[in-house]
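Heads up: the structure comes next, in structure tokens.
The values are calculated or read from the model by the stated rules, or taken from the named source; none is laboratory data. Predicted model only: the values in this text are computed from it and were never measured. Note that each Cβ is placed from the backbone with ideal geometry, even for glycine, and that neighbours are counted across all protein chains shown.
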């Protein structure tokens, strides 16, 4: 038998021992990333499929982070998630239409114009008219 203290996920953040261990783990990750052994840590992901840990908390945290940065669009594979900011954002103009024209999905930041462009060219390729 091993004697251990059982801690819940709620009190870990207030435990000084845990905080110190987490600090050293973060430092080690930063050093490995700086030396090129790990990819640099990201605070937001344009595609939820690229999240290192995929669960409800990380998905909502990623969407929240992107929303605060005024990035209202996020991909989940080929699906576009949009969060309504309830205010005007200058991301619907001819400059954006041109920017997303003939680009592969995921090469640029997520946007409704990217989805529209992919759908349009798929329709042309298949020669199917949308009635």
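Each residue in segment 65-77 was checked for being crowded, with 16+ Cβ neighbours inside 10 Å and in a loop (DSSP other than H, G, I, E, B), and 2 pass. Residue count for segment 35-64 satisfying the condition of being more than 22 Å from residue 78 (Cβ to Cβ) and surrounded by 10 or more Cβ atoms within 10 Å (Cβ to Cβ): 4.
Condition first: surrounded by 15 or more Cβ atoms within 10 Å (Cβ to Cβ) and either outside the structural domain of residue 60 (by TED's automatic domain parsing) or in a loop (DSSP other than H, G, I, E, B) (or both). Now tell me which residues in segment 78-96 satisfy that. Correct list: 91 only. Residues in segment 97-115 that are at positive phi and either out of contact with any strand residue (DSSP E or B) (no Cβ under 9 Å at 6 or more places or on another chain) or surrounded by 18 or more Cβ atoms within 10 Å (Cβ to Cβ) (or both): 102 alone.
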